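The block underneath contains the structure these notes are about, expressed in structure tokens.
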Amino acid sequence: MRVLLCLVAMAVVMATAVRAARSYMEEGRTIFEYGPDDGVAWLRKAEEAALPAGTTIRLLAGTYTYNEKFKPSWAGSRFQPIVLEGPQPTDGMAKIVQMAGQNSIDVGASSNWIIRRVHFYGNQAAGGSGIRLGEGGSTVENVLVEDVVVEHTDTAIRCNDGGCLCRNVTIRRAEVFDTGCGTGEGIYFGTASADSGHAKECIIEDSFFRDTTCATSGSRGSAIQIKTGSSNNIVRRNVCRNLGGVCVLVYDDYDRGRNVVEGNVCVGSNDHCFQGTAGVTFRNNVAVAAKFAGIGILNNSAKPGKAPRNVTIANNSVVQRGGSTECLRINSAAGNEATFSVANNA
């Protein structure tokens, strides 16, 4: 009996033993794998200077807490990006929880990296954002952020430091909710000044934004903002529900290259569902129950001496109920009518 009890005790100890971090090769990539019991070892690895291209930092399912600024600076290559990833969907989720009065992650000058399958839980009380790109006015390019969850932050994903440039950044299948009562945006790319910071050739697609109603003044609580001077960006197939602000808000492109907003769905906004200024196409979108118009073209942040212009609005559907009866509002565009195309909307 004593032998049996001893064997059972040994089995329990082995089953509950802390799994040590490990590294191995997988399809030509170096994988560093961590579990929740490894503390902040994963963060230390991610912040290593000159992390080699092709490195993957893999987090197993569980909750990872940290109480410090997380500031990697990754430089992968086109075919060997640096990757921070959670487990496969069938194996659960890696949730990282920021305890300090910081953003969940601050990425400065960097290129060719991927974050995927990670759940970011921010420090909303301290005004922390989730994923901050272009820290200190730097350039971030050739980046993919996909299959992430961002909650309990102020702004969830942003590239809006003065002088920053986000180029060829793709946000795909993100879920964003419970943004704060400060600015509370989902994604905020660019700055209020066209030459201070902007986004070029970025894609935001197949993402879900909901419950941003704590922030309700101005453009706060918007799901997606593409700011002044940003160009050649695509915002497509996203869903917005119960927003404090606009679902997709695109300002003046400064005649640098048209932004496209296509195939998005907005249900319930305390503002317009979709809003633009200049150099933008709204196509195949659905707007339901906006406080103001379903689609609004306004003079906000227009290029000095210019007005709304170069706008296409085609094949959109707007349903209003219980609030505004306006489907489309166009303000301050006198003299630029020839640059507008409005067709086949319902």
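The values are calculated or read from the model by the stated rules, or taken from the named source; none is laboratory data. Predicted model only: the values in this text are computed from it and were never measured. In this analysis, Cβ positions are derived from the backbone assuming ideal geometry, glycine residues included, and neighbour counts consider all displayed protein chains. These accessible areas exclude ligands, DNA and RNA; they are computed on the full protein's heavy atoms, side chains included. Shrake-Rupley method; radii C 1.70, N 1.55, O 1.52, S 1.80 Å.
How many Lys pairs in the chain lie less than 15 angstrom apart by Cα atoms, where the lysines are 8 or more positions apart or on different chains? Mind dumping the intermediate values first?
Values: Lys45/Lys69; Lys45/Lys71; Lys200/Lys227; Lys227/Lys303.
So the count of such lysine pairs works out to 4.
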P(r) histogram, all alpha-carbon pairs of the range 159-263 included - 10 Å bins from 0, percent: 18, 49, 31, 2
Under the Debye formula (equal points on every Cα, no solvent term), log10 I(q)/I(0) of the range 70-136 at q = 0.19, 0.23, 0.24, 0.28 Å⁻¹: -0.81, -1.03, -1.07, -1.18
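For Thr339 and Thr90, FRET efficiency with R0 = 45 Å and r from the beta-carbon atoms, rounded to 0.05?
Taking R0 as 45 Å, the efficiency between Thr90 and Thr339 is 0.35.
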Solvent-accessible area per residue, Å², over the chain with all protein chains present [probe radius 1.4 Å]: 41
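Which translational diffusion coefficient, to the nearest whole µm²/s, is obtained for the range 41-192 from the Stokes-Einstein equation, given a Kirkwood hydrodynamic radius over C-alpha pairs, 37 °C and 0.692 mPa s? Don't skip to the answer; put the middle values down first.
Numbers: Rh = 15.1 Å.
Rounded to a whole number, D works out at 217 µm²/s.
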For the chain, calculated [θ]222 nm from helices alone, where every DSSP H run of n ≥ 4 adds -39500 (n - 2.57): -2000 deg cm²/dmol
Under 16 Å from the Ser77 label point (7 Å along Cα→beta-carbon), backbone N, the range 151-186: none
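Relative to the compact globular guide of 2.2 N^0.38 Å, what is the alpha carbon radius of gyration of the chain, as a ratio?
Values: Rg = 22.4 Å, N = 346, 2.2 N^0.38 = 20.3 Å.
Its radius of gyration relative to the 2.2 N^0.38 Å reference: 1.11.
If you average 1/r over every pair of different alpha-carbon atoms in the range 285-327 and take one over that average, what Kirkwood value in Å do you get? The partial results should precede the final answer.
Numbers: mean 1/r = 0.0847 Å⁻¹.
That comes to 11.8 Å for the range 285-327.
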The range 117-147-the range 74-104 distance, computed between alpha-carbon centres (Å): 10
Crossing angle, helix 2-16 versus the chain [Cα axis fit, 0-90 degrees, rounded to tens]: 30
Kirkwood Rh in Å, taken over the range 19-131 so that all alpha-carbon pairs contribute: 14.3
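As an exercise, use a Förster radius of 25 Å and the Cβ-Cβ distance of Lys306 and Glu201 to find the FRET efficiency, rounded to the nearest 0.05.
Values: r = 23 Å, r/R0 = 0.91.
Using R0 = 25 Å, I get an efficiency of 0.65.
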Geometric extent, Cα atoms of the range 51-102 - Rg, Dmax (angstrom): 13.0, 35
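Return a whole-number percent for the relative contact order of the chain, with Cα pairs under 8 Å and 6 or more residues apart as the contact set.
On the way: 1129 pairs, mean separation 27.4, N = 346.
That works out to 8 percent.
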Whole-number percent relative contact order across the range 196-346, with pairs defined as alpha carbons under 8 Å at least 6 apart: 18
Share of carbon and sulfur in the accessible heavy-atom surface of the chain [1.4 Å probe, %]: 52
Size descriptor, Kirkwood hydrodynamic radius, that averages inverse alpha-carbon separations across the range 240-332, Å: 12.9
Beta bridges per DSSP with both ends in the chain, % antiparallel, nearest 5: 5
